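Asker: Next up is a structure, given as structure tokens.
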Amino acid sequence: MNRKLNDISAKINENRRIDGQEALILLEDADLLHLAAIADSKRKQRHPEPRVTYVVDRNINYTNICVSGCRFCAFYRQPGHAEGFILSEAELRDKIEETVSLGGTQILLQGGMHPDLDLDYYLNLLTFIKTNFPVHIHGFSPPEINFMAEKSGKSLPEIIGALMQAGLDSIPGGGAEILVDEVRTKVSPGKCLSGRWLEVMRVAHGLGLRTTATMMFGHIETQRHIIDHLLKIRALQDETGGFTAFIPWTFQPDNTCIEVEKATAVEYLRVLALCRLMLDNIDNIQASWVTQGAKIAQAALAFGANDLGSTMIEENVVAAAGVRFRLPLSEMKRLIISAGYEPVQRDCHYNLILDGD
């Protein structure tokens, strides 16, 4: 096994791509610190400047009403539930005004698969935001977009084109969970299957829209499923080049319908390092301080991550699962500096926002 690990490490150092079986060996058998070392080396090869980026934005959930029935979600409410909501324009305005006043440059706009909202609702929502605020809209995950297409009877190019015309600037990689259908049908039975998730992203990239990609692990998947997910993301990136970043994060089981032990920090860091090593065609790997907390997020900077993601002025979905880590901008900067890097604000496309810009 040591010889196999050495051969795989040598292959990585020679900038040759590892396959799924080699990735599985790394995930299961590599020493943690060795995995960190080779992931950190690849991160520094791609990002030689000693910088760690972040974005100032807010997660805005326009509704919590959803018919997907995801077993891992503690946030959604069924139609007719007393706690269900749809944000009013006044509430939306207040949230965005506060975000802009705090130096925010974008909003992450996501909700559920609401059965009573038609395409005009989403187009009007985008138009309202763009008419009133100079912010980047990073909005609507692939399952939401697929749901819009199914309800309206329109094709994906028609739906995404209409959203872009109304003001959509990029698409977040939410709703991916694990891109293996035997897993998806068990944890998110009402969402589109993996092929459709990938097709939404393929169409978006083809129309010139950049997106991120994610992976939620630590529930019922196996390590082989994690590898399969990464292989599918890598293959689509080879095809389109449209992903700006990849964000792996761990399932938070509290208040959900899936009873498992919470993934450990070591398990998270191993997978994070593997993401850097497998996804050799995606520039940015983001650490998930929202699920891991500040100290593990800081450690992630030595395991291949080059970005700490959003300051998250507001976050509701993970919080509903009982995880309420908060990281003020001043603390985020301190963590980056104490890890030996320079903190730099970025936009959604990873353009740097330097002092004076």
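Asker: Would you be able to say whether some residue in region 294-310 is within 19 Å of Ala263 (Cα to Cα), in a helix (DSSP H, G or I) and at pLDDT below 90?
Answerer: Checked region 294-310: at least one residue is within 19 Å of Ala263 (Cα to Cα), in a helix (DSSP H, G or I) and at pLDDT below 90.
Asker: Report, ordered by the first and then the second residue, all pairs with beta carbons closer than 7 Å, sequence separation of six or more or different chains, a first member in region 62-79 that is more than 23 Å from Ala90 (Cβ to Cβ) and outside any loop (DSSP other than H, G, I, E, B), and a second member that is of a type in the set (S, T, N, Q) and at pLDDT 65 or above.
Answerer: none
Asker: When you check Glu144 against the structure, is it touching a residue at least 40 places away in the same chain (Cβ under 8 Å) and either in contact with a Lys or Arg (Cβ under 9 Å, 6 or more places away or on another chain) or under 27 Å from Ile178 (Cβ atoms) (or both), yes or no?
Answerer: no
Asker: Another question, then. Going by the conditions given, is Ala82 assigned to a helix (DSSP H, G or I) and small (Gly, Ala, Ser)?
Answerer: no
Asker: Output yes when any residue across region 110-125 is assigned to a strand (DSSP E or B) and within 22 Å of the chain's Cα centre (by Cα), and no when none is.
Answerer: Yes, there is a match, as at least one residue in region 110-125 is assigned to a strand (DSSP E or B) and within 22 Å of the chain's Cα centre (by Cα).
Asker: Inside region 243-294, can you point out the residues that are closer than 24 Å to Val55 by Cβ and without any contact (Cβ under 8 Å) to a residue 24 or more places away in the chain?
Answerer: Ala287
Asker: So, one more: Evaluate region 127-143: report whether one residue or more is in contact with a helix residue (DSSP H, G or I) (Cβ under 9 Å, 6 or more places away or on another chain), of a type in the set (Ser, Thr, Tyr) and under 23 Å from Glu91 (Cβ atoms).
Answerer: The answer is yes; a qualifying residue exists.
Asker: Test each condition in (1) within 22 Å of the chain's Cα centre (by Cα); (2) modelled with pLDDT under 90; (3) not acidic (Asp, Glu) for Lys42 and report the one that comes out false.
Answerer: (2)
Asker: Now, a different point. Please give the number of the condition Leu209 fails out of (1) part of a loop (DSSP other than H, G, I, E, B); (2) at pLDDT below 95; (3) touching a helix residue (DSSP H, G or I) at 6+ places or on another chain (Cβ under 8 Å).
Answerer: So the condition that Leu209 fails would be (2).
Asker: Against the condition within 23 Å of Val55 (Cβ to Cβ), buried (at least 20 other Cβ atoms within 10 Å of the Cβ), modelled with pLDDT under 95 and of a type in the set (Asp, Glu), how does Glu144 come out, does it pass?
Answerer: Yes.
Asker: Would you pick out the residues in region 260-291 that are among the aliphatic types (A, V, I, L, M) and in contact with a His (Cβ under 9 Å, 6 or more places away or on another chain)?
Answerer: The answer is Val260, Ala263.
Asker: Mind listing just one residue for me: the one in region 48-66 that is of a type outside the set (A, V, I, L, M), closer than 18 Å to Lys333 by Cβ and in contact with a Ser or Thr (Cβ under 9 Å, 6 or more places away or on another chain) and, of those, surrounded by the fewest Cβ atoms within 10 Å (Cβ to Cβ)?
Answerer: Tyr54
Asker: Still on this structure: Here is a check on your reading of the model: is Ala263 small (Gly, Ala, Ser) and under 24 Å from Thr185 (Cβ atoms)?
Answerer: The answer is yes for Ala263.
Asker: If you don't mind, there's one more thing I want to ask. Report yes if some residue within region 82-95 is crowded, with 22+ Cβ neighbours inside 10 Å and charged (D, E, K, R); otherwise report no.
Answerer: No, that holds for no residue.
The values are calculated or read from the model by the stated rules, or taken from the named source; none is laboratory data. The structure presented is a predicted model; accordingly, all values stated were derived computationally and were not measured. Heads up, the Cβs are rebuilt from the backbone with ideal geometry, glycines too, and the neighbour counts pull from every protein chain shown.
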